[in-house]
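Worksheet: one structure, shown below.
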Amino acid sequence: MAIRDIILYPDDVLQKECEPVDEIDDSIRELVDDMIETMYHARGIGLAAPQIGVLKRITVIDPTAGEEEDNLHVFINPEIIEAEGRITWEEGCLSIPGVYENVDRAARIKVRALDRNGDPFEIEASDLLSVCIQHEIDHLDGVLFLEHLSRLKRRIVLKKYKKHLKRIEQADEEEGQH
Ligand code: GNR
Ligand code: NI
């Protein structure tokens, strides 16, 4: 298992459509395990493969961020087959650090996917799990939560983010000098 680097906006790889997985073999399982380790290390509640530079339709989710047992979900080739209601949640993204904004999405969804063994399953989700699954499936389609904001809001948020990113890069460089 290995912790992989998380790719930050505005890298192109985050805005590309991912390919479905056609065979779930050991190399895919290794990728899934790296994603799980990377998500927990970053204290995120979800991670999509493009966030570590892999354009495949795979996401891992744990709405408790590892605080509680048995909340880890692996979704390969996930599809939303039912959606109803609307819910607003304050979202963040490991690829856009420091940005937290309200996003409006379906409240309850039913999802079909393959698990780590390649077996199909379905799950019904509401609240944070529903929000997170939709956020992750968006990543697999090259869509970031910024795209759900109004153009005005997005412009304001991106201005702030670019300043924040410069500070992160500067801190990284200074750390490299010591
Ligand atoms: O860690 C994360 N928190 C979060 C909070 C609200 C809605 C969605 C998320 S997902 C995010 C991790 C991430 O960037 N996944 O792609
Ligand atoms: Ni994200």
task: Quick one: what are the phi-derived ³J(HN,Hα) couplings along region 155-164, Karplus 6.51/-1.76/1.60 with θ = phi - 60°, whole Hz, x for glycine and proline?
output: 5, 5, 5, 5, 4, 5, 4, 5, 5, 4
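Apply the a/c threshold of 1.5 to the C-alpha gyration tensor of the chain and tell me whether it is rounded, prolate or oblate.
Numbers: a/c = 1.80, a/b = 1.23, b/c = 1.46.
Oblate.
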- request: Pairs to check: Lys56/Lys159; Lys110/Lys159; Lys56/Lys160; Lys56/Lys110; Lys16/Lys160; Lys16/Lys153. Give those whose C-alpha atoms are more than 27 Å from each other in this structure.
  value: Lys56/Lys159; Lys110/Lys159; Lys56/Lys160
message: Please list, by residue number, everything in region 74-111 whose backbone N is under 14 Å from a paramagnetic label point 7 Å out along Cα→Cβ of Ser150.
response: 102-104
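When the helix-only estimate is applied to the chain (DSSP H runs of n ≥ 4, each -39,500 (n - 2.57), divided by the residue count), what is the mean residue ellipticity at 222 nm, nearest 500 deg cm²/dmol?
Values: 3 runs with 57 residues, N = 178.
Only helices count here, giving -11000 deg cm²/dmol.
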task: Of the options Gly142, Ser130, Tyr161, report the single residue whose Cα projects farthest towards the positive end of the charge dipole of region 87-178 (beta-carbon charges: Lys, Arg +1; Asp, Glu -1).
output: Tyr161
message: Could you tell me which residue out of Met39, Ile87, Leu152 lies farthest along the dipole of the chain toward its positive end? Charges go on the beta carbon: Lys and Arg +1, Asp and Glu -1, centred on the Cα centre.
response: Leu152
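Only Cα pairs under 8 Å and at least 6 apart count here; give the relative contact order of the chain as a rounded whole percent.
Details: 312 pairs, mean separation 38.5, N = 178.
It comes to 22 percent, rounded to a whole number.
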- request: Report, ordered by chain and residue number, the aspartates and glutamates lying within cross-link reach of Lys163, taken as a straight Cα distance under 18 Å and ignoring same-chain residues fewer than 8 apart.
  value: Asp11, Glu101, Asp172, Glu173, Glu174
- prompt: Out of the DSSP beta bridges found with both residues in the chain, what percent are antiparallel (nearest 5)?
  reply: 95 percent
message: Testing the spin-label approximation: label points 7 Å from Cα along Cα→Cβ at Gln170 and Glu17. State their distance in nm.
response: 4.1 nm
- line: Between Arg4 and residues 5 or more places away or on another chain, the pairs with built amide H atoms under 5 Å apart involve Thr38
query: Taking amide hydrogens as modeled 1.01 Å from N in the peptide plane, which residues meet the under 5 Å criterion relative to Arg57, leaving out close sequence neighbours?
result: Glu19, Val21, Asn77
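May I ask you to compute the full-extension gain from Ser126 to Ser27, defined as 0.36 nm times their residue separation minus their alpha-carbon distance, rounded to one decimal in nm? Can you show the working numbers first?
On the way: separation 99, 0.36 × 99 = 35.64 nm, distance 3.16 nm.
Stretched fully, the Ser126-Ser27 segment lengthens by 32.5 nm.
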query: Residue-wise, which Karplus ³J(HN,Hα) couplings in Hz belong to region 93-108, taking 6.51 cos²θ - 1.76 cosθ + 1.60, θ = phi - 60°, and x for glycine or proline?
result: 8, 4, 8, 9, x, x, 9, 9, 9, 6, 10, 9, 9, 4, 7, 10
Region 127-178, dipole about Cα centre (Lys/Arg Cβ +1, Asp/Glu Cβ -1), debye to the nearest 20: 640 debye
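Classify region 7-89: rounded, prolate or oblate, from the alpha-carbon gyration tensor (a ≥ b ≥ c, eigenvalue square roots; a/c under 1.5 rounded; otherwise prolate if a/b is larger than b/c)?
Values: a/c = 1.24, a/b = 1.11, b/c = 1.12.
Judged from the Cα gyration tensor, region 7-89 comes out rounded (a/c under 1.5).
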- line: Taking Cα pairs closer than 8 Å and at least 6 residues apart, the relative contact order of region 1-71 in percent is 37 percent
task: Place a +1 charge on the Cβ of each Lys and Arg in region 18-125 and a -1 charge on the Cβ of each Asp and Glu, then give the dipole magnitude about the Cα centre in debye, rounded to the nearest 20.
output: 400 debye
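Every number in this text was worked out from the coordinates using simple rules, so none of it is lab data. Computed from a prediction, not measured in an experiment: that's the story for all the values here. A quick note on method: Cβ atoms are made from the backbone with ideal geometry, for glycine too, and the neighbour counts reach across all protein chains shown.
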